[in-house]
1. Which condition breaks for Val123 when tested against (1) farther than 30 Å from Lys155 by Cα; (2) modelled with pLDDT of 90 or more; (3) of a type in the set (Val, Ile, Thr)?
2. Could you check the stretch 114-159 and list, in sequence order, the residues that are out of contact with any strand residue (DSSP E or B) (no Cβ under 7 Å at 6 or more places or on another chain) and of a type in the set (Asp, Glu)?
3. So which residues in the stretch 110-121 are within 19 Å of the chain's Cα centre (by Cα) and under 15 Å from Val151 (Cβ atoms)?
4. With (1) among the acidic types (Asp, Glu); (2) surrounded by 13 or more Cβ atoms within 10 Å (Cβ to Cβ); (3) at pLDDT 85 or above as the list, and Asp42 as the residue in question, which single condition is left unmet?
5. Where in the stretch 7-109 are there helices (runs of 4 or more DSSP H), lying wholly inside it, with at least 2 residues that are over 30 Å from Ser150 (Cα atoms)?
6. When Gly168 is evaluated against the numbered criteria (1) more than 25 Å from Phe43 (Cβ to Cβ); (2) among the small types (Gly, Ala, Ser); (3) touching a residue at least 12 places away in the same chain (Cβ under 8 Å), which criterion, by number, is the only one it fails?
7. If you check Glu144, Glu120, Glu66, which single one turns out to be assigned by TED's automatic domain parsing to the domain that holds Gly16, surrounded by fewer than 17 Cβ atoms within 10 Å (Cβ to Cβ) and of a type in the set (Asp, Glu)?
Amino acid sequence: MWFDSWADIVRVLVVGTVAYGTLIGVLRLSGKRTFSQLNAFDFIITVALGSTLATILLSSDVAYAEGITGLLVLAGLQLIVAWISARWPGARNTVTAKPTALVINGQLQHDGLRRNRLTESEVLQAVRSTGTGDLSSVAAVVLETNGKLSVIPMKTLGSGSAMHGISGYPTGDGL
């Protein structure tokens, strides 16, 4: 259907504008983490907030107050989970995955690749994107909690103190 009524269009304009302003307010109150997409949990919350906003805008069956309540519940739960996970490591491990070493001292870690459903070519692409053409000059490639691949060249590894807590890395405690 191409057009129902002008009343529906006006409703979307008015409710959409107010809901958008409310969402910005909720996001400002909930803090920077809501914007950050640091991990899969944060990404899911971001998608859920967008879906809720779309529902408020397009569904006349959902009252503005109900939709805003949904936004507040999602943002509130995200704040609570972030607060708890920042204070208790056990809770953090439930919400976020540990970073995983996919390359150690130039050697691909095939178990880590399989466990994280990555291919060798994806890791090699990440290495090449840093301007490195030789895997033997790479100290580590780490699959971070946000899904990005970090490439650490041998010459910049230093003491390796940033490798603490990485699953599969020999000096990390994530083993």
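1. Result: Val123 passes all but (1).
2. If the condition is that a residue be out of contact with any strand residue (DSSP E or B) (no Cβ under 7 Å at 6 or more places or on another chain) and of a type in the set (Asp, Glu), then Glu122, Asp134 are the ones that fit.
3. Matches in the stretch 110-121: Leu118 only.
4. Just one mismatch for Asp42, condition (3).
5. Details: elements: 33-36, 40-58, 64-87, 89-95.
In the stretch 7-109, the matching helices (runs of 4 or more DSSP H) lie at 40-58, 64-87.
6. (1)
7. Details: Glu144 fails: assigned by TED's automatic domain parsing to the domain that holds Gly16; Glu120 fails: assigned by TED's automatic domain parsing to the domain that holds Gly16.
Result of the check over Glu144, Glu120, Glu66: Glu66.
The values are calculated or read from the model by the stated rules, or taken from the named source; none is laboratory data. The structure displayed is predicted, hence computed values, not measured ones. Because the Cβ atoms are built from the backbone with ideal geometry, glycine has one as well, and the counts that use them run over all protein chains shown.
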